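The values are calculated or read from the model by the stated rules, or taken from the named source; none is laboratory data. Keep in mind that this is a model prediction, so the values were computed, not measured. Virtual Cβ from ideal backbone geometry, glycine too; neighbours counted across all protein chains shown.
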Amino acid sequence: MKFIHHDQDGGELALVVLEKNYGNHHFIQAFCTLGKMEADWAKVDAGVWCKLIRDAFAESTKIADLETLAFRLIEWGDYAPITHLLEELGFKKEQDRVEYRQELAELPNDEGSPLVWSAIQSLELAELEKVVVLLKRAAVGDPSFDPEADSLSELQADLKDTVLTTGPDCIHIGHIDGKPVAVVFAQINPRTQWSRITYMGLLPEFRGAGLGKWVHRHGFEMMRVQGGSLYHGGTVSTNESMIRLFETHGCKVFRRMQEWKCVR
């Protein structure tokens, strides 16, 4: 469901959406001027965002089986009124996030990698269940990993995205001596060429050997092969190893965010 604030010419200047993520988990997300870059955020007063967020939250209360409601706050301008509103509505801040951008043409390839990569065979349930087992093993130690989350439903939701690529070639497994050691899930928007690594991970027993950079670089290759041009990535502010990878590969800080959640 969309909640829109129009500019003087009747165009959509500010947009807040209420959408289902997976299962009984939903999120509220803010956008500024559809189809344009973030340069227009400053044109929208915090009071406008508060009204749109409040309207979206009111609509969420009508969802009988809703369990959690998430919101990512982008740190731009005077966002203090928004944080106060979130607290008033029962949200709690979970963590800070930093996001990066870089042109894929400027990022290194994975030539010389010690890993051998292959795409998953299909999107059938049995195959995805095997991917989830590997994802959970690779997520151990990740500050944002929730072991209680329904990882299969989350994966299936990402693979049903109507804007991003979703085929089997979006998920690659990395092997050494025939053993799976890493996983990369990469997607792009074919229309805009915007690209993301939805998830990447390295099994704990293979960490500390310099393999993380090769996992990241393979993600760059996957996005390029899919037709992407602009890489947009991010991580929680406490994930020092991932932040080092972004910096090592020359990715530039794009914005900082806060992740909030309301539990019903």
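Do you know which residues across the range 132-172 are of a type in the set (D, E, K, R), surrounded by 15 or more Cβ atoms within 10 Å (Cβ to Cβ) and under 15 Å from the mean Cα position of the chain (by Cα)?
Passing the criteria: 142, 154, 158.
If the requirement is being closer than 19 Å to residue 255 by Cα and assigned to a loop (DSSP other than H, G, I, E, B), which of these qualifies: 110, 78, 65, 9?
Selected residue: 78, the only one of 110, 78, 65, 9 that is closer than 19 Å to residue 255 by Cα and assigned to a loop (DSSP other than H, G, I, E, B).
If a residue has to be farther than 28 Å from residue 251 by Cβ, within 22 Å of the chain's Cα centre (by Cα) and surrounded by fewer than 16 Cβ atoms within 10 Å (Cβ to Cβ) to count, how many in the range 113-131 make the cut?
Number of matching residues: 2.
For the range 37-50, check the following and say yes or no: at least one residue is of a type in the set (A, V, I, L, M), within 30 Å of residue 150 (Cβ to Cβ) and touching a strand residue (DSSP E or B) at 6+ places or on another chain (Cβ under 8 Å).
No, the conditions are met nowhere in the range 37-50.
Starting from residues that are of a type in the set (D, E, K, R) and either touching a Pro at 6+ places or on another chain (Cβ under 8 Å) or at pLDDT 80 or above (or both), keep the ones in the range 20-62 and report whichever is surrounded by the fewest Cβ atoms within 10 Å (Cβ to Cβ).
62
Can you pull out the residues in the range 115-150 that are under 18 Å from residue 178 (Cβ atoms) and β-branched (Val, Ile, Thr)?
Of all residues in the range 115-150, those under 18 Å from residue 178 (Cβ atoms) come to 115-121, 130-131, 133-134, 137-138.
Once the filter is applied, which keeps residues that are under 18 Å from residue 178 (Cβ atoms) and β-branched (Val, Ile, Thr), the range 115-150 yields 116, 120, 131, 133.
Within the range 231-255, which residues are assigned to a strand (DSSP E or B) and loosely packed, with under 13 Cβ neighbours inside 10 Å?
252
Residues 154, 221, 259: which one is in contact (Cβ under 8 Å) with a residue 12 or more places away in the chain and within 20 Å of residue 114 (Cα to Cα)?
The match here is 221.
Would you check if residue 152 is farther than 15 Å from residue 201 by Cα, of a type outside the set (Val, Ile, Thr) and modelled with pLDDT of 95 or more?
On the way: farther than 15 Å from residue 201 by Cα: yes; of a type outside the set (Val, Ile, Thr): yes; modelled with pLDDT of 95 or more: no.
Criteria not met by residue 152.
Could you please let me know if residue 195 is without any contact (Cβ under 8 Å) to a residue 24 or more places away in the chain and crowded, with 16+ Cβ neighbours inside 10 Å?
no
Among the residues of the range 118-139, what is the count of those that are touching a strand residue (DSSP E or B) at 6+ places or on another chain (Cβ under 9 Å) and of a type in the set (Val, Ile, Thr)?
Final tally of qualifying residues: 2.
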